[in-house]
Ligand code: GLU
């Protein structure tokens with residue numbers, strides 16, 4: 001993939017995810033005529049910490065894993081972003097994800113910067129005890145750059161509230177007192193927020209509803225988001241499963257869902273609450289009786305109104321984009337569609353809700369959790385959901401206004417919305433020294 005002439009890194013741009021993020025940034029910078037000095041700085045992360053994470057496996061042997069924490073930009077506030085456990089994790093990918101967090105936090109108006117972390121491992125091959133050891137040792141290794149006013153991790157692919165509880169406990173043990181504000185996405189019992197676990201999936205679906213209303217308002221043929229609407233959800237984890245349930249509860253027909261082992265298809269719509277019950281018992285959706293099997297690849301190509309890619313990055317590429325038939329795509333995962341594939345889809349008139357908007361619900365409620373924790377004053381779930389809906393709705397409006405102003409795609413418009421606020425903040429703070 002070609003790079004802009006000024007991008008001279010030999011460290012950061014080794015992953016498609018980072019290259020895609022920079023390409024999107026360059027496109028947004030050119031469209032909005034961004035100050036070249038600001039654009040230059042945003043192409044590089046502020047700092048990265050690479051750590052070795054040794055743990056004793058259940059069989060008694062010691063294995064060393066590679067861990068990373070990258071802080072991309074902290075102009076607006078402390079770093080914010082998840083910790084990923086995945087076999088593909090590497091420095092460049094984590095840096096690209098940290099960059100997306102910067103734009104996401106800025107786009108939705110949070111006083112937070114962008115960061116991301118990860119451990120290169122196969123989470124499905126590790127026991128609960130091994131997960132705990134990895135999380136605790138990793139926390140100790142990155143201890144000096146995280147904290148409630150420095151950088152606040154959260155769950156991401158392969159991690160959940162339990163991982164955050166271990167991280168919070170390890171960080172607190174090192175200081176000698178409880179510091180719940182060091183992470184978000186914690187269980188409720190130790191300072192988590194009501195509605196955080198569901199927030200990303202909920203936000204993905206709010207965006208689909210906004211998209212349908214927006215398309216109708218500009219006279220485009222659009223699904224109504226009711227029982228006549230068909231949906232496919234790729235990835236049935238923390239984001240996909242909630243999105244599937246929320247959109248099912250709106251009356252839509254979820255024809256297909258999938259996890260990393262395979263997918264389910266039912267032409268009349270799946271009973272999502274029943275699929276969730278099956279998943280809780282079997283730890284996979286594969287084998288659920290009231291459906292036919294479908295591959296992940298075929299799911300992405302289904303003729304549905306709404307497609308929600310909510311698993312991992314790079315699933316829709318130039319190789320399979322020609323088969324995608326959905327009318328609205330809400331990017332639940334970070335970077336599920338490559339830049340080339342986005343261009344092709346937008347040229348074909350597909351309405352894409354970009355990741356930094358579609359999946360921002362998670363970090364928005366993370367921010368609410370952080371604020372509630374700092375005040376030790378907790379809100380009920382309807383207050384959380386109401387505030388989430390308001391922030392998402394304002395962000396959506398802002399992105400479509402920018403799209404109309406610059407006559408660009410939604411992806412570029414979302415980036416511009418994020419970069420614009422950051423640009424003003426960076427120029428006000430100036431370049432040190
Ligand atoms: N990992 C999530 C994301 O990519 C949430 C980050 C957070 O809550 O800090 O947006």
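The values are calculated or read from the model by the stated rules, or taken from the named source; none is laboratory data. Remember, predicted model here, so these are calculated numbers, not experimental data. All Cβ positions, glycine included, derive from the backbone under ideal geometry; neighbour counts span all protein chains shown.
Summed over segment 170-188, residues that are in contact (Cβ under 8 Å) with a residue 24 or more places away in the chain and on the phi < 0 side of the Ramachandran plot total 11.
Apart from one condition, residue 227 fits all of (1) at pLDDT 95 or above; (2) away from the ligand (no atom under 16 Å from the Cβ); the exception is (1).
In segment 48-71, the residue that is surrounded by the most Cβ atoms within 10 Å (Cβ to Cβ) out of those that are outside any strand (DSSP E or B) and in contact (Cβ under 8 Å) with a residue 60 or more places away in the chain is 57.
Test of understanding: among 23, 93, 27, which residue is touching a helix residue (DSSP H, G or I) at 6+ places or on another chain (Cβ under 9 Å) and either closer than 15 Å to residue 114 by Cα or outside any helix (DSSP H, G or I) (or both)?
93
Looking across segment 118-137, the residues that are assigned to a helix (DSSP H, G or I) and either surrounded by fewer than 17 Cβ atoms within 10 Å (Cβ to Cβ) or away from the ligand (no atom under 16 Å from the Cβ) (or both) come down to 124, 125, 128, 129, 130, 131, 132, 133, 134, 136, 137. When segment 401-419 is filtered for residues that are crowded, with 17+ Cβ neighbours inside 10 Å and part of a helix (DSSP H, G or I), the ones remaining, listed by number, are 402, 403, 410, 411, 412, 413, 414, 415, 416, 417, 418, 419. From the list 341, 311, 326, the one residue that fits, being in contact (Cβ under 8 Å) with a residue 24 or more places away in the chain, in contact with a helix residue (DSSP H, G or I) (Cβ under 9 Å, 6 or more places away or on another chain), more than 16 Å from the ligand (Cβ to nearest atom) and more than 19 Å from residue 269 (Cα to Cα), is 341. Screening residue 200 on (1) under 28 Å from residue 139 (Cβ atoms); (2) part of a helix (DSSP H, G or I); (3) away from the ligand (no atom under 13 Å from the Cβ); (4) touching a residue at least 60 places away in the same chain (Cβ under 8 Å) shows it passes everything except condition (3). Restricted to segment 148-167, and to residues there that are buried (at least 21 other Cβ atoms within 10 Å of the Cβ) and part of a loop (DSSP other than H, G, I, E, B), the residue that is farthest from the ligand (Cβ to nearest atom) is 158.
Here is a yes/no grid of residues against (1) in contact with a strand residue (DSSP E or B) (Cβ under 7 Å, 6 or more places away or on another chain); (2) closer than 24 Å to residue 159 by Cβ; (3) crowded, with 21+ Cβ neighbours inside 10 Å:
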site: 312; (1), (2), (3): no, yes, no
site: 322; (1), (2), (3): no, no, no
site: 326; (1), (2), (3): yes, no, yes
site: 332; (1), (2), (3): yes, yes, yes
site: 341; (1), (2), (3): yes, no, yes
site: 346; (1), (2), (3): yes, no, no
site: 353; (1), (2), (3): yes, no, yes
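Within segment 168-175, the presence of at least one residue that is crowded, with 22+ Cβ neighbours inside 10 Å, more than 20 Å from the chain's Cα centre (by Cα) and within 16 Å of the ligand (Cβ to nearest atom) is confirmed. Hey, any hits in segment 40-47 for a residue that's in a strand (DSSP E or B) and either at pLDDT below 95 or touching a strand residue (DSSP E or B) at 6+ places or on another chain (Cβ under 7 Å) (or both)? Yes, there is a match, as at least one residue in segment 40-47 is in a strand (DSSP E or B) and either at pLDDT below 95 or touching a strand residue (DSSP E or B) at 6+ places or on another chain (Cβ under 7 Å) (or both).
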